[in-house]
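As structure tokens, the structure follows; a few thoughts come after it.
Each value in this text was obtained by applying a stated rule to the coordinates, not by laboratory testing. As the structure is a computational prediction, the values presented were derived from the model and not from experiment. Positions of Cβ are backbone-derived with ideal geometry, glycine not excepted, and every protein chain shown enters the neighbour counts.
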Amino acid sequence: MIIKTKIKEYRAKYNMKQEELAALVGVRRETIGHLENGRYNPSLKLALDIAKVFHASVEDIFEITEE
């Protein structure tokens, strides 16, 4: 199972840096980078927190695919 994200696209839409998003959801900037590059799958809480920042649903930002 792979989770694809649209975090980078949403950050661009909101003109937000990785550091800013990380501060809003309580993680390190590196964690946001790992999420964007597919090296880390978010916890449910983190996925919900990120979606809330962008006023979107979890499904809008994260897509689960089978490999």
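The table for this structure:
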{"quantity": "10 Å-binned pair-distance histogram of segment 2-65 (Cα, whole percent)", "calculated": "23, 67, 10"}
{"quantity": "Environment charge at GLU9 (Cβ cut-off 15 Å; Lys +1, Arg +1, Asp -1, Glu -1)", "calculated": "+2"}
{"quantity": "DSSP-assigned coil residues among trypsin sites (Lys or Arg not before Pro) in the chain, each with at most 10 further Cβ atoms within 10 Å", "calculated": "ARG39"}
{"quantity": "Label-point separation in nm, ARG39 to GLU20, each point 7 Å along Cα→Cβ", "calculated": "2.4"}
